[in-house]
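Where a number appears in this text, it was derived from the coordinates with a stated rule and is not lab data. Computed from a prediction, not measured in an experiment: that's the story for all the values here. Positions of Cβ are backbone-derived with ideal geometry, glycine not excepted, and every protein chain shown enters the neighbour counts.
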Amino acid sequence: MTELALALAAGAALSSAGVVLWPAALCLVAALIRPIRSSRRPRFAAGAGSGRLRALAWAGIAGLAHGHVASARGLRDCRWSIPEGEVQLAGWVRTVETPGRFQFTVVEGACPRPVRVQAPLPRASAEGSGVRVRGRWVRRSEAAPGVDPLRAGQVVAAEVESAEVVVRDVDRWSARTRARGLDAVDRRFRREAPLVSALLFARRDRIDPALRDAFSATGTAHLLAISGFHVGVLAGGVIALVGRMAPPRRAFAAGAGVAWLYVAVLGFPDAATRAALLLTLASLGRWMGRPVAVSGAVGTALAALVLIDPAVAGRIGAQLSFAGALGLALFTRPWTATIVDRWRRWRGEAPGPRVRVGVEAVVATTAASLATLPFVAWHFERVPTVGLPASVVATPLVALALPSVVTALGLDALGLPGAAVPAAGAEGLLALARGWVGLWARFPGASVAIDRTETLAATLAVVVGLLLTRWVPRVGGVARGAAAVAGLAAALLVWPVARQMARNGALEVYLFDVGQGDALGIRTPEGRWIVVDAGPPTGRRLAADLRRVGARSIEMLLLSHPDADHVGGAAALLDEFPVETVVGPGTLRGDGPWRGALVQARSRAVPWRVVARGDRVALDGVVLRVLHPSRRVDGAPREANDASLVVELSWRGFRLLLTGDISVEVERSLVEALGPVDVLKVAHHGSRTSTDSLFVARIRPEWAVVSVGRGNRYGHPAPEVMARLEGAGSVVWRTDRSGALRLRIDRSGAIEAKGAGRGAR
C-alpha cells in the first residue's frame, strides 16, 4: 500500500510541476504492455515483480491524471474571471498574513471564494470577524495549470469596516477559535508568547526573524510549524490520561477525537491532517483488535489526502511530514534493535529503560532527519550539520512544554485559578529550547549550501546504490564494493540529466542583503548567472553569498551606474569569479570603485560592453531590454543617478524592472514605454525622489523589492513611497527588515518567494 501511495503522490506532484499527461501516459503504457522476458536469475524474474511494477506505474498514471483533472477544475474557478475595477464585498477574515494584508472569504459577492485584500484591518477585527470591503480588484496572474486561484488577483481596499455577516462555516469557526486562542496566549504568556503562538497555532509571523533563522539553520524549524509532532504530543497526553480510566481502545478513540478537533481549529493543514489520519487508523485497529502496520497506515493516509487534494503532493509541508513519518516507521525499530543487540554483546546485558529511551530518541531523530534530508536540501538549498544535537534536546523540551501550554490555556478559558503555574513552567522550558537552538545556530558551519543539482544527483546515487545492493547476491564485501562503485558511476552518468531536472526550466532572482546598496543575482533556466550591481565595497561578502546559492562563474556583470554603493564590490567579483562580460552605461567618469572595476576588468581581459536605449541582450531565453539612458556618452553630462541603466528583464511573460537610482523625471519619460511588471527593483533605495504615483500606477508591480541598509542616515525608504506601493497592491520586501529574498519563477509564471534572512542562503 505504501509503494502504491507513493507512486500516486509522485504522479500528482509531476502534474503540479507541469508534466503533460498524454505523452507520459502513452510512454508508460507502451512500456508496460510489452511482455517482460524473464531473466535467468530468479531475483530478476518477471511474474510477481512485473505485476508489481505495472501496479506502481498505473498508480503513477492515476495520480498524474487526477492532478490534471484537479488543475482543470482550478482553471474554471470564478476568481480568474473577476473583471478589474471597483468591487464591494462582504465576508469574514480568513487569516491575517501581514499587518496590511489579509485573506478574506467572500459571502456577499459574485465569487464566493477566498481572496486577498491589501489593507489594514479595523482595530476591533480579528480572524473570523465579519467585514465589508470596498476597493479595486487588481488582476495578478493569468489562469495556468497548477497556479493557485488565490493568486488570480487581490482587492486593493479603500475602505474596510466591521460588519455583521451571518454564515455557518467550519473555516470561520476555526478562524474565530484561533483568534480567541491567540488573545489568550498574549494574555497568559509574556516573553515566550510569539513562540507559543507558533507552536500551538502556526503563527510564525510573530517570531523574531533572528530566532526563525536560528531554527532554520539548525534543522529544528519543524518545531515552529504545526506537524505530526504537535498533534502526536497533544493526542498522546489525552491517551495517557484517558487510559488511566478506560480501556486502551477508548483512550485511542479519545486521542483521535481530540486530534481531529485540534486539526479543525488549525484549518486542516497537511501535516496535522496526516497525523490525525494515522491516529484514526490506529484507533480503528484497536477497536478491531488488530495490529496496525505503521508504514501501511502512512501509505493509506497519503493516498487519502492525494485523492482529496492532488496539490498536496507538491506542497513542502506534506512532503516533509510524510517523509519523516515513513522514516520513523521504516527505520526506528530495526535500527534500535541493532543498537540494543550490540549493547548486549558489548556489556553482556540489555540496556536499562533510561538508556533504551535515550537510544530510541536519538534513533527516531536520526531516522526522521535522514528521510526528510533530500526534501530539505531541494527546497531550501541548505543542509543543517548540527540538526541531530540541536533536535535531541530541543524536541523533548518542546514536547514537555506543549501539555503545560494547553493546561494553562484550558484553565484560563474555564476561568479556574492556577493557570500561572503551568504557564511559568512552559515558559521556562521554551526559554531553554530557544537558548539551546541559538547556541547551535552560532556554531561555525551550522548549515551548508547545496545546489539542487547536487541534491538530485546525490539522491539518485543513493537510490541506485541501494537497489544494486539489494539485487547483487550477498557474497561479501567484493559485491557490495562493486555495488557502491556502480552507484557512484551512475551518479556521475546522470549528472547532466540531474542538472536539467534540478533547474526544471525555472528562473531564479536573488535580492542580496548588502546594506545600503544594490546587488541582485539572476540564475537563468540553464544555470548561468547574471549579477546586477555589486553593492558597496564589501565584495568579498557578496562573493560568499553568491557561492552559497551555487554560483561558480558569472556570465554577465551588469553595473547600472558609477556610485560606490552599486559598484563598490565589482572589482572583488572580477577577482573572485570567472566573468564573461561586463555591461554598463557609457561613462568613463566615476569614483574609485568604478575606476577599480575598469582596471580589474582590463587586467583580466574581460570585455566591457557599453549599452544604451534600444539595445537587447539575450541569454538562455532571458531577454534584457535597455530602456535608458537614451545615448552612449563619454563622461557624465547628466546627474549620475539619472544616467543609471534602466533594464527590463523578461522571460516567458515574467517581467522584472531594474531601475538603478533614477529620479521621478526619468520615470515619467519612460512611462509610455512601460506596462505592468511582476517585480520592481525600487529606485534609489526607496528615496522620495523616485517611484511617484504615475509610475506605480502604470507598472502595477506585484512585488516591490527595496535594497536598503538598516538604520541608514538617509531615511530610506521614504514612508510615502512605501504607502504608494502598498496602496497599489504590491507586496513590499525590504532587506533592512527581512534580509535577502529569493524569487523562483516557473514556466507557468507562478512566483515562489522565500526569505533567506541575512545574506542569501
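The modelled label-to-label distance for the pair THR338/SER630, using points 7 Å beyond Cα in the direction of Cβ, is 7.3 nm. Listed values for the range 302-309 are Karplus-derived 3J(HN,Hα) couplings in whole Hz (6.51 cos²θ - 1.76 cosθ + 1.60, θ = phi - 60°), namely 5, 4, 4, 5, 5, 5, 6, 8, and x replaces Gly and Pro. Name the shape class, rounded, prolate or oblate, that the alpha-carbon gyration tensor gives for the range 505-755, where a ≥ b ≥ c are the square roots of its eigenvalues, rounded holds for a/c under 1.5, and otherwise prolate holds if a/b is larger than b/c and oblate otherwise. Rounded, since a/c falls under 1.5. With neighbour counts taken as other beta-carbon atoms within 10 Å, the residues GLU97, GLU84 rank, fewest first, as GLU84, GLU97. For VAL107, the amide hydrogen comes within under 5 Å of the amide hydrogens of ALA90, GLY91, TRP92, counting only partners 5 or more places away or on other chains and with H modelled in the peptide plane.
Sorted on the mean count of surrounding Cβ atoms within 10 Å across their residues, most packed first, peptides 106-119, 343-356 read 106-119, 343-356.
Charged neighbours of ALA323, selected by a Cβ distance under 13 Å, balance to +1 (K, R count +1; D, E count -1).
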